[in-house]
């Protein structure tokens, strides 16, 4: 099996960890062997978002702790144009960073995920062959979504390697037709056949769906986001925040922020539709849109056609590590979806002590991590409701502050170290049950 190999090449921007840098493995609760970490975060169409993904951060923290890992990417990786993606993914690649081996199988990558099934079959055969030939002592597996979890389920069936799955995004509510049937097959492979020892869920509605529809004995909630222990956001009067506020023309303005992907999943059209009603009550409001994606041009066009160019500010993509000043200068942060009210950006906003307004048709089903009017504002996906709620919130500065502080208290326990500890605990339990 010929592999293109880069040794100690930093592909994710983090320092390589060499053996012996960390504490004794047993003291850290690490696995005594290799962890197969099955992920899809390199497939994100926005390159900056690949490094911001919770899947990336969990793998990074596991590596920092000293856990030996094979980070396996069965769906390949996105690096640029469709042609470059197709060509670069045909050749298998193995990249080593200290205790971590990044493994990219030969796969066929095409636009609109047209070859996903073929890709998963190719990737599964590749990793089975790789593990057989190398005889690496893999003692547990972790997958970041149900789709790539199907690979872990096959390995569990054929090689007996214990497996912990993260359900990921609510694809059961987003896929239809043949795509939903294919996704249902992955769910059954992982959960109905009980190949996963435990299932992690990032949203309480998703957790209820898993428990009510599958014979899963062990489930655990971990939000799809976290923060580094000791992190303190910049002050609202800090130089960096004031500089950006001035450069964006936001001095003396009320700022509603969206930071994330600009794709069909995210209902930024609701923000455009609701903007005139908001502006009529609050002429000083501005909408700051940070991010990139395939629908950015369409969004800009909608803003122009509505003659709202003076009220919408587009920055394009901003590196994850540079986002804090932009979040701090905002007054209200939004998450706009059709289904759930969670998401990575929700946790990111909460870490910055900012009030979050999240729209989604599941808005009435949250009682635990998100609590309406206590640590977040939850509403249906409706432009009139969105407009009324934004006006109501922005007219009450004391409400903004109270909800922002409550949001911080809610998310405070979920450091990336906590994510690692809980994940390793589940993996150790799975390994012991073998």
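The values are calculated or read from the model by the stated rules, or taken from the named source; none is laboratory data. Since the model is a prediction, treat every value here as computed from it, not as a measurement. Glycine also receives a Cβ, built like all others from the backbone with ideal geometry; neighbour counts cover every protein chain displayed.
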Breaking point among (1) in contact with a helix residue (DSSP H, G or I) (Cβ under 8 Å, 6 or more places away or on another chain); (2) closer than 22 Å to residue 256 by Cβ, for residue 416 | (2)
For the stretch 358-366, does any single residue satisfy the condition of being in contact (Cβ under 8 Å) with a residue 60 or more places away in the chain, surrounded by 15 or more Cβ atoms within 10 Å (Cβ to Cβ) and assigned to a strand (DSSP E or B)?
-> yes
Which of the following residues is modelled with pLDDT under 95 and either in contact with a strand residue (DSSP E or B) (Cβ under 8 Å, 6 or more places away or on another chain) or not assigned by TED's automatic domain parsing to the domain that holds residue 158 (or both): 360, 404, 343?
-> 343
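What are the residues in the stretch 222-235 that are in contact (Cβ under 8 Å) with a residue 60 or more places away in the chain and in a loop (DSSP other than H, G, I, E, B), if any?
Taking the stretch 222-235 as the starting set, the residues that turn out to be in contact (Cβ under 8 Å) with a residue 60 or more places away in the chain are 222-229, 231, 233-235.
Residues satisfying the conditions are 222, 223, 224, 225, 226, 228, 229, 231, 233, 234, 235.
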Going by the conditions given, is residue 350 in a helix (DSSP H, G or I), under 17 Å from the mean Cα position of the chain (by Cα), assigned by TED's automatic domain parsing to the domain that holds residue 245 and in contact (Cβ under 8 Å) with a residue 40 or more places away in the chain?
-> yes
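Select from the stretch 44-68 the residues that are outside any helix (DSSP H, G or I) and at pLDDT 95 or above and write down the one among them that is surrounded by the most Cβ atoms within 10 Å (Cβ to Cβ).
Pass one, the stretch 44-68, residues outside any helix (DSSP H, G or I): 44-46, 53, 66-68.
Cutting the leftovers down to at pLDDT 95 or above gives us 66-68.
Details: 66: 19, 67: 26, 68: 22.
Taking the candidates together, the pick is 67.
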Quick one: is residue 320 touching a helix residue (DSSP H, G or I) at 6+ places or on another chain (Cβ under 9 Å), crowded, with 18+ Cβ neighbours inside 10 Å and at pLDDT 95 or above?
-> no
What number goes with the only condition from (1) part of a loop (DSSP other than H, G, I, E, B); (2) surrounded by 19 or more Cβ atoms within 10 Å (Cβ to Cβ); (3) without any contact (Cβ under 8 Å) to a residue 40 or more places away in the chain that residue 71 does not pass?
-> (1)
Members of the stretch 375-403 found to be in contact with a helix residue (DSSP H, G or I) (Cβ under 6 Å, 6 or more places away or on another chain), over 17 Å from residue 267 (Cβ atoms) and part of a loop (DSSP other than H, G, I, E, B), listed by number = 375
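Which residues, counting only those in the stretch 232-269, are in contact with a strand residue (DSSP E or B) (Cβ under 8 Å, 6 or more places away or on another chain) and more than 16 Å from residue 332 (Cα to Cα)? Before the answer, list the steps.
First pass over the stretch 232-269, keeping only residues in contact with a strand residue (DSSP E or B) (Cβ under 8 Å, 6 or more places away or on another chain): 248-250, 253-260, 262, 266-268.
248, 249, 262, 266, 267 - these are the residues of the stretch 232-269 that are in contact with a strand residue (DSSP E or B) (Cβ under 8 Å, 6 or more places away or on another chain) and more than 16 Å from residue 332 (Cα to Cα).
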Does residue 148 meet the test of being farther than 28 Å from residue 259 by Cβ and either within 20 Å of the chain's Cα centre (by Cα) or in contact (Cβ under 8 Å) with a residue 24 or more places away in the chain (or both)?
-> no
Give the stretch 69-101 a look and list any residue that's farther than 22 Å from residue 144 by Cα and touching a strand residue (DSSP E or B) at 6+ places or on another chain (Cβ under 7 Å), or say none.
-> 91
Mind telling me which of the residues 271, 257, 250, 295 ends up being over 21 Å from the mean Cα position of the chain (by Cα), closer than 30 Å to residue 365 by Cα and in the same structural domain as residue 346 (by TED's automatic domain parsing)?
-> 271
Which numbered condition trips up residue 428, out of (1) touching a helix residue (DSSP H, G or I) at 6+ places or on another chain (Cβ under 9 Å); (2) not assigned by TED's automatic domain parsing to the domain that holds residue 345?
-> (1)
Selection within the stretch 276-289 - closer than 16 Å to residue 359 by Cβ and touching a residue at least 60 places away in the same chain (Cβ under 8 Å) = 277, 278
Residues (assigned to a helix (DSSP H, G or I) and surrounded by 15 or more Cβ atoms within 10 Å (Cβ to Cβ)) located in the stretch 161-179 | 171, 172, 173
